[in-house]
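Engineer: Sharing a structure, written as structure tokens. Questions coming.
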Amino acid sequence: MDTHLAYEELGLHPSASDAELKASWRRLVATWHPDRNGAADAGRRMQSINKAYQHIRQLREGAGEDVDAESNGPAEAEAEAAAAAQAAAEAAEAAAAAPLHTVVRSVRLTLEEAILGCTRTLSGHYRHPCTECVGKGQRVLAQACSSCHGSGAVHKAALFGWLWNQEACTDCGGDGRQRAPCAACDGQGEQSLAWRKRVRFPPGLRAGHVLEVPAARHAEGAARAGEGALELALELRLEIAPHDLFALDAEGVLRCAMPVNGYAWMAGHWVDVPTPEGLQQMRLNRDALVYRLRGQGFPTAVRGPRGDYLVTVTPVFPAEPDAAHEALLAQLIDSSNRAADAEPTQPLGAWRKRLQGR
Ligand SMILES: [Zn+2]
Ligand SMILES: [Zn+2]
């Protein structure tokens, strides 16, 4: 095949780039494919277009020129077209079946909320590809492209008298159809869905847990109410805020460390202790520093029974007792010594007796 004729067949100048070559060939195939073109000589034109394309390709590859790595031969073109059609059909099917959209976000609960469970109203804006234009930001109209008058190619600035030097039209991408910005997304290709959902957090969730809320229909934002809807699922990653009183240890045991009045501790008084439900009375015992409150701790599993709650007390005595305090302490020591002396079986009483007997 004559090289000059091959370029002529494709409407190109020999200086055309590989991309221009490919674009032109694709446009001509789209025009002359016998499946789409009823003209009597469509089959013959198709053959010569393919021959010309192959000829130039071989020529360029042989000359060691860079050939677009992803360019395909004519045989693959039909496979490519079929694949594109299938992809479009699949996209339409997927759109009809309302594809699953998932909002992923983290939610921070207080320790009390994690222990007892809670309900929160969550809301946000979910950005997604425009449902009207499938993210393209434009729609294809029936009329011919105004830039190329439907030919799909524009004339390049003539150089050295070459007037038939053409380039694929950038306004229509070479298919010759007019484009208009998509009205649904203002040409952005993206839409934002305002959503709001009441979510129930079961008791026993811990940091790192993921709560999945199944898809539910959320109407599009107020301005577009009723116009469209999405199936929106939530994937909530749990965080637990640090607490100033409680701590969850590595074994999942709820703990609290609290200072108590040393004398109240010695006297076995009742004190207020914080629990996830609020303040509660607990009786101190001078033999114990750790107290186990059964069934008042963190759930052993999500929705499981409550574990134990461990309270560690630190008896606190005044660092520098004042005079009144000193007097009271002296009185206390005096009376307890007398009580010990009166009861010789007590270790202190027995010891004092032994000293006096020497
Ligand atoms: Zn759109
Ligand atoms: Zn155009």
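Derivation of every value follows stated rules applied to the coordinates shown; laboratory data play no part. Source: prediction; values computed, not measured. Please note: Cβ atoms are built from the backbone with ideal geometry, for glycine as well, and neighbour counts cover all protein chains shown.
Engineer: Could you tell me the calculated FRET efficiency between E212 and T300, based on Cβ-Cβ distance and R0 = 30 angstrom, to the nearest 0.05? Before the final figure, lay out the partial values.
Structural biologist: Details: r = 22 Å, r/R0 = 0.72.
It comes out at approximately 0.90.
Engineer: Show the residues, 5+ positions off or on another chain, whose built amide H is closer than 5 Å to the amide H of H13.
Structural biologist: Amide H neighbours of H13: Q166.
Engineer: Antiparallel DSSP bridges in the stretch 246-356: what percent, to the nearest 5?
Structural biologist: In the stretch 246-356, DSSP labels about 65 percent of beta bridges as antiparallel.
Engineer: Another question about this same structure. For E190, what residues show an amide H to amide H distance below 5 Å, using hydrogens built from the backbone and excluding near sequence neighbours?
Structural biologist: Sorted by chain and number, the residues that satisfy this are C130.
Engineer: Follow-up question, since we're still on this one. Where Lys and Arg each count +1 and Asp and Glu each count -1, what net charge lies around T3 among other residues with Cβ under 11 Å from its Cβ? Spell out each step's value before the answer.
Structural biologist: Numbers: positive: R60; negative: D2, E8, E9.
Net charge around T3: -2.
Engineer: Expected output is a single nm value to one decimal: the length gained when fully extending between L116 and H155, i.e. 0.36 nm times separation in residues minus the C-alpha distance. What is it?
Structural biologist: On the way: separation 39, 0.36 × 39 = 14.04 nm, distance 7.28 nm.
Stretched fully, the L116-H155 segment lengthens by 6.8 nm.
Engineer: If you don't mind, there's one more thing I want to ask. Within 9 Å, Cβ to Cβ, of D308, how many net charges do the neighbouring residues add up to if Lys/Arg are +1 and Asp/Glu are -1? If you can, show how the numbers build up before the last one.
Structural biologist: Working: positive: R292, R294, R306; negative: none.
Surrounding charge for D308 is +3.
Engineer: Check V316: other-chain or 5+ apart residues with amide H under 5 Å from its amide H, H built from backbone geometry?
Structural biologist: HN-HN under 5 Å from V316: V260, N261, G262.
Engineer: For a Förster distance of 51 Å, can you work out the FRET efficiency between the beta-carbons of V253 and L355, rounded to the nearest 0.05?
Structural biologist: On the way: r = 47 Å, r/R0 = 0.92.
Step by step, r from the Cβ atoms, then E = 0.60.
Engineer: While we're looking at this one, here's another question. So, in nm, how far is label A42 from label Q58 when the simple model puts each one 7 Å beyond its Cα toward the Cβ?
Structural biologist: The modelled label-to-label distance comes out at 2.8 nm.
Engineer: With a cut-off of at most 16 other beta carbons within 10 Å, and DSSP calling the residue loop, which trypsin sites (Lys or Arg not before Pro) in the stretch 239-295 qualify? Please list them. Before the final figure, lay out each step's value.
Structural biologist: Values: sites: R255, R283, R286, R292, R294; in loops: R286, R294.
Those that pass, being in a loop and sparsely packed, are R286, R294.
Engineer: Starting from the Cα of S123, step 7 Å along the direction of its Cβ; do the same at L141; then give the gap between the two resulting points in nm.
Structural biologist: About 3.9 nm, to one decimal.
Engineer: Run the numbers for K51 and S17: contour at 0.36 nm per residue of separation, minus the present Cα-Cα distance, in nm. Intermediate results must be reported in sequence, preceding the final value.
Structural biologist: Values: separation 34, 0.36 × 34 = 12.24 nm, distance 1.81 nm.
My answer for the length gained is 10.4 nm.
Engineer: Let me ask something else. What does the C-alpha gyration tensor say about the overall shape of the stretch 183-336? Classify as rounded when a/c is under 1.5, otherwise prolate if a/b is larger than b/c, or oblate. Present the calculation step by step, with values, prior to reporting the outcome.
Structural biologist: Values: a/c = 4.94, a/b = 3.19, b/c = 1.55.
Verdict is prolate for the stretch 183-336.
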